[in-house]
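What follows is a set of notes on a single structure, which appears directly below.
The values are calculated or read from the model by the stated rules, or taken from the named source; none is laboratory data. Computed from a predicted model, the values in this text were never measured in an experiment. A quick note on method: Cβ atoms are made from the backbone with ideal geometry, for glycine too, and the neighbour counts reach across all protein chains shown. Quick note on the areas: whole protein, heavy atoms, side chains included, nothing else; ligands and nucleic acids left out. Shrake-Rupley method; radii C 1.70, N 1.55, O 1.52, S 1.80 Å.
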Amino acid sequence: MKPQLISVIGTGYVGLSTALGFTSNGYTVIASDPDKEKIKKIQEGILPFHEPKLQKQLEIAVKTGKLHVLNCEEAILNSRITFVAVGTPSQPDGSIDLQYIKKAACEIGDALKQKKTYHLIVIKSTVTPTTTENTLKPLVEAHSGKHCGEGFGLCMSPEFLREGSALQDVLNPDRIIIGEYDKKSGDILEALFRDFYSENTRSIIRTKLPTAEIIKYASNAFLATKISFINTIANICEKTPGADVTIVAEGMGLDKRIGSLFLNAGLGYGGSCFPKDLKALIAYSETIGYKPELLYAVENVNKTQPLKAIELCKSFLKDLKGKNIAILGLAFKPNTDDMRDAVSIQIIHQLLKEGAKVAAYDPVAIPNAKSIFRDRIDYITSAIQCLMNADCCLLVTEWDEFKRLKPEDFTKNMKRAILIDGRRIYDPEKFSGKMKFAALGLGK
Ligand code: UGA
């Protein structure tokens, strides 16, 4: 094939969003992933996960020949800049598992050995501080027989996209961070980003590799802190008659120093990033001899927050044994089918432990939920069906279609009209007069 500028190793959320961000702007991209099943789907234009706008973009890229799928070696040999976006999951002790990214570094090194021209490697995967320089660079050097800064360049440019709005976030980032091994590497990446974003270029920060790595963890840890903070305030509001955390957050958010985003109180954060990255940052801090007390507290608040839904449920039903509980929403957030570390998992396991019967509905996450709960819960195909004959309903994920439900949908269909709003989507004034209603962070 004709040599291209860009290749992407790893076709998960970050890799595929990066690749399709580039193709949407006219670049031709080579993607590579060792997972054959995933690759087959991508070649057929089927996104391996639910992300609406990205699905459309993939179809266009496949149809127009802007996305090529090759193995890692071919990807390196046929491109000049490679973005590495393989997964960096948690080990059982919470520390980062670098096995996939180390393997990628070795394979890239092997391919570079055969290459005569300079190549830039850009790490997009979230990696703990010093990993790029102290772990990945030596692996590439050993396998390629080349020196970083001569035969190849190295950058670390973290990704800040959110699931559910992946493509928008790639195309409109608030900032671009370029951690660079040397000036030449940074110059090449900055030129690519300036060309890609053209007049839309946001703030670009150029810095050293470990600073870029820390910016990613610090950003996620700060957002998680905001959530655990507002949930702490929610728990205080709940025991304060007349108090409402939603209005408290609004009142706080108008202060420019605080900002209104990420102050939605509820059942806590889940997903493939915040829980994993918090654990990895804590484990890293401990290895360098620092106990990050604030981060322990953020995690602890988040561990108990999902159980608040069950507490509220029991405040109405007392004993959950044999009770029918309707769960609205399973995914860790709306607009995704991702169930990784979703709070629904903890809630449903506890409900089952206490002898409740669980019926659950989610617009897209049911196939993934089935591999977690198997036949221990009932999977329902609509919100209204899910409410039928229920003794209590727990709203767990704030999908738009749940926001449209009216009090009558609950009162007409449930055995006992009891609603626990775990994400603060319902107006307490409209709902509390018509049924037994409780919401996180709403004082009784
Ligand atoms: C998060 C970050 O927002 C992205 O910037 C980052 O790139 C990504 O992790 C990553 O590291 O890859 P994501 O996990 O997709 O993105 O989703 P968020 O929108 O951040 O939501 C995370 C969790 O926090 C969800 O469970 C959500 O329900 C919860 N949340 C969010 C709240 O409980 N309250 C809020 O106010 C906001």
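Would you be able to say whether some residue in segment 161-171 is modelled with pLDDT of 95 or more, under 30 Å from I288 (Cβ atoms) and not acidic (D, E)?
yes
Select from segment 238-276 the residues that are part of a helix (DSSP H, G or I) and of a type outside the set (A, V, I, L, M) and list them in ascending order. Quick ask: steps written out before the conclusion?
Residues of segment 238-276 that are part of a helix (DSSP H, G or I), as a first pass: 238, 245-253, 274-276.
Matches in segment 238-276: E238, T246, E250, G251, G253, F274, P275, K276.
Could you check segment 1-103 for helices (runs of 4 or more DSSP H) lying wholly inside it with 3 or more residues that are of a type in the set (A, V, I, L, M, F, W, C)?
Per the criteria, 13-24, 52-63, 72-77.
Quick one: what pairs do we get from segment 212-227, first residue under 19 Å from L189 (Cα atoms), second within 7 Å of the ligand (Cβ to nearest atom) and not in a helix (DSSP H, G or I), C-beta under 6 Å, 6+ apart or different chains?
From residues that are under 19 Å from L189 (Cα atoms), the pairs are K216/T126.
Report yes if L54 is at negative phi, open to solvent by less than 60 Å² (accessible area, probe 1.4 Å), in contact with a helix residue (DSSP H, G or I) (Cβ under 9 Å, 6 or more places away or on another chain) and more than 16 Å from the ligand (Cβ to nearest atom), otherwise no.
So L54 fails the test.
On the given criteria, is E163 open to solvent by less than 30 Å² (accessible area, probe 1.4 Å), assigned to a loop (DSSP other than H, G, I, E, B) and of a type in the set (D, E)?
Yes, satisfied.
If the Cβ limit is 8 Å and pairs must be 6+ apart or interchain, which residue in segment 164-178 that is on the phi > 0 side of the Ramachandran plot pairs with which residue that is open to solvent by less than 20 Å² (accessible area, probe 1.4 Å)?
G164/E51; G164/T336
Among the residues of segment 171-228, what is the count of those that are hydrophobic (A, V, I, L, M, F, W, C) and open to solvent by less than 30 Å² (accessible area, probe 1.4 Å)?
Count: 12.
Mind checking which helices (runs of 4 or more DSSP H) fall wholly inside segment 380-444 and carry at least 3 residues that are within 16 Å of the ligand (Cβ to nearest atom) and within 25 Å of the chain's Cα centre (by Cα)?
Ranges flagged: 400-403.
Among the residues of segment 342-361, is any closer than 30 Å to L167 by Cα, more than 15 Å from the ligand (Cβ to nearest atom) and at pLDDT 95 or above?
Checking segment 342-361: at least one residue is closer than 30 Å to L167 by Cα, more than 15 Å from the ligand (Cβ to nearest atom) and at pLDDT 95 or above.
For residues that are among the hydrophobic types (A, V, I, L, M, F, W, C) and part of a helix (DSSP H, G or I), scanning just segment 277-294, find the one that is farthest from I420 (Cα to Cα).
Filtering segment 277-294 for residues that are among the hydrophobic types (A, V, I, L, M, F, W, C) and part of a helix (DSSP H, G or I), the one farthest from I420 (Cα to Cα) comes out as A283.
Yes/no matrix, rows are residues, columns are (1) over 30 Å from D391 (Cβ atoms); (2) away from the ligand (no atom under 16 Å from the Cβ); (3) at pLDDT below 95; (4) polar (S, T, N, Q):
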site	(1), (2), (3), (4)
N264	no, no, no, yes
G268	no, no, no, no
I282	yes, no, no, no
C313	no, yes, no, no
K318	no, yes, yes, no
